[in-house]
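Worksheet: the structure to be examined is printed underneath.
Any read-out appearing in this document is the output of simple, stated calculations on the displayed coordinates, not a laboratory observation. Keep in mind the model is a prediction, meaning the values are calculated, not measured. Here the Cβ positions follow ideal geometry from the backbone for every residue, glycine too, while neighbour counts run over all protein chains shown.
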Amino acid sequence: MKRILSFVLCMAMLFALSSSAMAFTAGTYEGEAQSFGGPLKVAVTVSETAIEKIEVISHGDTQGISDAAYAKVPEAIIAGQSVAVDTVAGCTVSSQGIIDAVTAALLASGATQEEITKEVAVAEAAPAELETKSADVIVIGAGGAGMTAAVEVLRAGGSVIVVDKMPSVGGNTIAAGSALNAAGTEIQAAGTMAASGIAAVEEKLALEPKNETMARWQESVRKDLEAYKASGSNQVFDSIDLHKLQTYVDGDYVAKVELVEILGNGAPQAIKYLEELGMQWAPEITTAVGATWPRSHQPTRSFGGSGSDFVLPQTEFVKANGGEIILEHKVEELIMENGKVVGAKGTATDGTPFEYRANKSVVLATGGFGANVELRQKFNKHWANLDASVPTSNMPCATGDGLVLAEAVGANLIGVEWIQMVTGSSSAGVTASIANNIYVNANGERFVAEDSRRDVLSGAVLEQPGSFFWLLVDSKTMWDLMGGKHYNGKTVDQLKEIGLLEAETIEELAVLMGCDPATLQASVDQHNKAVTGEEADPLGRQVYEFTFDKGPYYAGKGYAMVHHTMGGVEINENCEVLDVNGNPIPGFYAAGEVTGGIHGGNRLGGNAIADIIVFGQIAGQNAVK
Ligand SMILES: Cc1cc2nc3c(=O)[nH]c(=O)nc-3n(C[C@H](O)[C@H](O)[C@H](O)COP(=O)(O)OP(=O)(O)OC[C@H]3O[C@@H](n4cnc5c(N)ncnc54)[C@H](O)[C@@H]3O)c2cc1C
């Protein structure tokens, strides 16, 4: 193997600046601190002069997301003999939790704060040699799209390297709220809906079609709807073509219809695909925030909290079937030879330069750019402000590197101006479903139909006093549906620590929220009358499940935040990346949030997970051909 010496990069080594001895009373001490998923406990063994061993006894963090912190932070503390170590990118809260818990244990052992926080310096080491590898397919990005593509490469008998810049797999996918939209599944067929919901379908059918494809979808939905009405059924009405129609219309007709067609057709298969890889679906259908229709499927979280079920099943398959997953390697450039993409190169976190060659193709699956303020500002045309003061739900990895990499080899970008904001509450948003949520403003008044599109919800929140809202849930949601836990695994007690309010009555809740109890009660009554059919919702909401009447009641503050980037690299039906003239760039495929043209100007909640599985499969299958 050809090895070239790097001329710039140096490997970092940790050592303690000061060698002054620490004064511990030898033994093992326990320490506790708050981490992302609640309390975290460590046992730290010390001799009289050194930290010998750190063991994490328990924590409530999401499987996958925080693994790197647990692997690296204890090691760094022991190497540096200090708690003044860096947090690990992508899992900073867990890293800090470990640091705080170890600090507590060390203080209990008799050391002083000054002794255990001595500065840790970074020394330069010898320049690293170039690391080279090859495989049939190089996948850039170990999120849901990349891992799905890798599975397909392996299933076709190819070899694959998945390279990711972060210390753990999963990207934004592992943080997902756990909703995958698909029409016509058995799980959906078991759900029921109120007849009033049909009005939303009829609205779509009454629209002037923008093209032949849309007219075809409308015609097919019209026929299905007539048959549904004639049957007198109260099952959830849906069809694959309705899913496509809603995706296209609520995406403001900006999407490429041929990609919407693939998304709708492929989504039910995505349900089966994940199931075959070992994940399990919850038996109830839900409606994710901004999904606008009850077709959101939720996993049972058997692979951990949140979106683990959408990426860890594939990861296990890749590991078990000979795929290579390389973390902490950031791709900085695609290698082009004779007009073909033949590999990727970049630098590892430890400074090692690398160059990976693809015998067949490269799949770009680097996700969106919601966490990159500069790109947000550059591309945004539709929001008044998306600067650093606007929060994001995204993981720190979502920096849009793929757009830069792809543009540098001539790729066309489409729809990058479409940046999605979503309304969310980290304390009260316990379920990804909108069906039982009530939104009220600081005065306790409802101000928007909660089943609206995400841009409508976010725009409405931004207009409220203080630009925030209260998300209300009752115990039917908090306890009966969610078992007293947020979808990310946090318990009610942990949620209370981050602002969840709890009260036995609506009146008491209003007092805690600081609004007029009668106004809040009127908002709840309005919801309940619409659920029972007594009075239509004056704000036009159509998606409901239960009446809101089981205490204790909960409220959490929510905000509009940057959530998803609809635009990106242009692809065709084969997931080939297109250049500015519409021609495929040889050897180059893309899938997932890095691509554009699937969701148009507004993504339906729950459609992105369907997207990454459906297009991840296509990209992997074609890349290995
Ligand atoms: C909090 C949250 C909740 C969500 N909930 C839902 C939901 O319930 N349903 C739904 O449909 N959608 C949801 N979404 C959206 C959805 O999760 C994402 O659109 C989707 O997971 C993106 O998958 P991906 O594979 O394209 O990218 P990601 O999962 O983000 O993976 C991209 C990977 O590429 C890596 N990478 C980036 N640049 C480089 C580089 N230069 N070199 C090497 N590696 C690189 C990143 O580190 C990352 O691991 C949610 C998003 C968020 C943030």
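Please list, in order along the range 258-272, the HN-Hα scalar couplings obtained from phi with the Karplus expression 6.51 cos²θ - 1.76 cosθ + 1.60 (θ = phi - 60°), rounded to whole Hz, x for Gly and Pro.
5, 7, 4, 4, 5, 4, x, 5, x, 4, x, 5, 5, 4, 5
By per-residue mean of other Cβ atoms within 10 Å, what is the highest-first order of 243-254, 498-509, 544-555? Can you show the working numbers first?
Values: 243-254: 23.2, 498-509: 17.3, 544-555: 20.0.
So the order, starting with the most tightly packed, is 243-254, 544-555, 498-509.
Using a Förster distance of 56 angstrom, determine the FRET efficiency expected from the C-beta separation of Ala26 and Val404, and round it to 0.05.
Details: r = 53 Å, r/R0 = 0.94.
After rounding, the FRET efficiency stands at 0.60.
Could you let me know the centre-to-centre spacing of the range 192-211 and the range 364-420, using Cα atoms, in angstrom?
33 Å
Using a cut-off of 22 Å between alpha-carbon atoms, which lysines can reach Lys529, once sequence neighbours fewer than 8 places away in the same chain are excluded?
Cα-Cα hits under 22 Å: Lys476, Lys550.
Can you pull the one-decimal nm distance between simple spin-label points at Ser233 and Ser134, each 7 Å off the Cα toward Cβ?
With each label placed 7 Å out from Cα toward Cβ, I get 5.4 nm.
Estimate the FRET efficiency between Ala442 and Glu337 by the formula 1/(1 + (r/R0)^6), using the beta-carbon distance for r and 60 Å for R0, to the nearest 0.05.
Working: r = 60 Å, r/R0 = 0.99.
Efficiency at R0 = 60 Å is approximately 0.50.
Please give the calculated 222 nm ellipticity per residue for the chain, where each DSSP H segment of at least 4 residues contributes -39500 (n - 2.57) and the sum is spread over every residue; nearest 500 deg cm²/dmol? Don't skip to the answer; put the middle values down first.
Values: 17 runs with 189 residues, N = 625.
So the calculated ellipticity at 222 nm is -9000 deg cm²/dmol.
Can you list the lysines whose alpha carbon sits under 24 Å from that of Lys345, skipping same-chain ones fewer than 8 residues off?
Cross-link targets: Lys2, Lys133, Lys165, Lys319, Lys330, Lys360, Lys625.
Among Ala503, Phe548, Gln464, which residue has its Cα positioned farthest towards the positive end of the charge dipole of the range 421-561, with +1 placed on the Cβ of Lys and Arg, -1 on the Cβ of Asp and Glu, and the dipole taken about the Cα centre?
In the range 421-561, that residue is Gln464.
Please list 363-371, 599-607, 557-565 highest first by mean number of surrounding beta-carbon atoms within 10 Å per residue.
Numbers: 363-371: 30.6, 599-607: 26.4, 557-565: 24.0.
Descending mean neighbour count gives 363-371, 599-607, 557-565.
Under the definition of Cα pairs under 8 Å and six or more residues apart, what whole-number percent is the relative contact order of the range 421-561?
Details: 279 pairs, mean separation 57.6, N = 141.
Relative contact order, the range 421-561: 41 percent.
Return the lysines within reach of Lys204: Cα separation strictly under 21 angstrom, same-chain partners fewer than 8 residues apart disregarded; answer none if there are no such residues.
Leaving aside lysines fewer than 8 places away in the same chain, those within reach of Lys204 are Lys223, Lys229, Lys244, Lys256.
Report the semi-axes of the equivalent ellipsoid for the chain in whole Å, largest first, where each axis is √(5λ) for an eigenvalue λ of the Cα gyration tensor.
Numbers: eigenvalues 343, 234, 77 Å².
Its equivalent ellipsoid spans semi-axes of 41, 34, 20 Å.
How large is ³J(HN,Hα) for each residue in the range 230-235, as worked out from phi by the Karplus curve 6.51 cos²θ - 1.76 cosθ + 1.60 (θ = phi - 60°), to whole Hz, x for Gly and Pro?
Using θ = phi - 60°, the values come out as 5, 6, x, 5, 10, 5 Hz.
Evaluate the relative contact order of the chain (contact order divided by residue number), counting alpha-carbon pairs under 8 angstrom at least 6 apart; express in whole percent.
Working: 1554 pairs, mean separation 115.7, N = 625.
Relative contact order, the chain: 19 percent.
Under a Cβ-Cβ cut-off of 11 Å, what is the net charge of the residues other than Ala288 that fall near it, where Lys and Arg count +1 and Asp and Glu count -1? Write out the running numbers ahead of the final one.
Working: positive: Arg295, Arg454, Arg603; negative: Asp451.
Here the charged neighbours net out to +2.
By the gyration tensor of its Cα atoms, with a ≥ b ≥ c the square roots of the eigenvalues, what is the shape of the range 421-561: rounded for a/c under 1.5, prolate for a/b over b/c, or oblate? Provide the component values of the computation, followed by the final result.
Numbers: a/c = 1.26, a/b = 1.13, b/c = 1.11.
Rounded shape, in that the Cα axes give a/c under 1.5.
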